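The values are calculated or read from the model by the stated rules, or taken from the named source; none is laboratory data. The structure displayed is predicted, hence computed values, not measured ones. Cβ placement follows ideal geometry from the backbone for every residue including glycine, while neighbour counts extend to all protein chains displayed. Calculation scope for accessible area: heavy atoms of the full protein, side chains included, ligands and nucleic acids excluded. Shrake-Rupley method; radii C 1.70, N 1.55, O 1.52, S 1.80 Å.
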Amino acid sequence: MAIAAMIAWVLTASIGVYMLRTWVTRGGLRRQRATGVGVPPVVVFGHASAALTGLLIWLAFVGTRLDLLAWLGVTVVAGAIALGVCTVTLWTPYPVAVPPAAAPAVAPTATPPAADPGMVTDEMIARLLADPFPASRRPRLKMAGLVPVAHGFAALTTFMLAVLAAISAR
């Protein structure tokens, strides 16, 4: 059971490292520091460091079979999961009520059609530039949201296996 927990922990950590690397390389850290909007870096890096510290403690437990290390690892991973829940809660956008737009006081007048049906007007060009034709290819399936979901389920699996291994360590 301890080995299964360790494998699940390494899988969870690898998904987390991927997400952290992606966040940093795409400017998430710089953007958060510049605007102050988003998850504080302390929460993100605290979550990652708690998870890696717990993994090191768990590796020590696997090597020594001391039940104290097992329960210490479970406690640290519980803290890491709590910080992870905080991260997801702060990161996930929630619905915001948008006030309805005010109706214009004067209705816009329609422009008369051009005398020549083949004539291209400035308004036609502006309308095409503002609203180009949609792409004709099929919409792509967005898989980016599945990465944090997989990380969360892997973390819960890790926690469950670690608790069961700690119980059976006696």
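Descriptive notes on the structure:
- Selection count, region 42-61, where residues are open to solvent by 90 Å² or more (accessible area, probe 1.4 Å) and either within 18 Å of P148 (Cα to Cα) or at pLDDT 95 or above (or both): 1
- Matching residues in region 62-88 - criterion: being open to solvent by 30 Å² or more (accessible area, probe 1.4 Å), small (G, A, S) and within 17 Å of P148 (Cβ to Cβ): A82
- Only residues that are without any contact (Cβ under 8 Å) to a residue 40 or more places away in the chain and under 22 Å from the mean Cα position of the chain (by Cα) were counted across region 52-75, and they come to 2.
- Taken as a whole, the condition of being among the aliphatic types (A, V, I, L, M) and modelled with pLDDT of 80 or more applies to M160.
- Checking each residue in region 59-86 for being in a helix (DSSP H, G or I) and closer than 12 Å to A169 by Cα picks out F61, V62, T64, D67, L68, L69, A70, W71.
- Some residue of region 104-119 being at pLDDT 70 or above and among the charged types (D, E, K, R): no
- Contact map, region 155-170: residues that are touching a residue at least 24 places away in the same chain (Cβ under 8 Å) and open to solvent by less than 70 Å² (accessible area, probe 1.4 Å) paired with residues that are hydroxyl-bearing (S, T, Y) and in a helix (DSSP H, G or I), Cβ distance under 7 Å, separation 6+ or inter-chain. Pairs shown: A155/T12; T158/T12.
- Restricting attention to region 83-103, the residues that are within 27 Å of L161 (Cα to Cα) and either polar (S, T, N, Q) or at pLDDT 95 or above (or both) add up to 2.
- Being free of Cβ contacts under 8 Å to residues at least 40 places away in the same chain and surrounded by fewer than 19 Cβ atoms within 10 Å (Cβ to Cβ) is a property that G27 has.
- Just one of (1) open to solvent by less than 80 Å² (accessible area, probe 1.4 Å); (2) modelled with pLDDT under 90; (3) not in a loop (DSSP other than H, G, I, E, B) fails for V39. It is (3).
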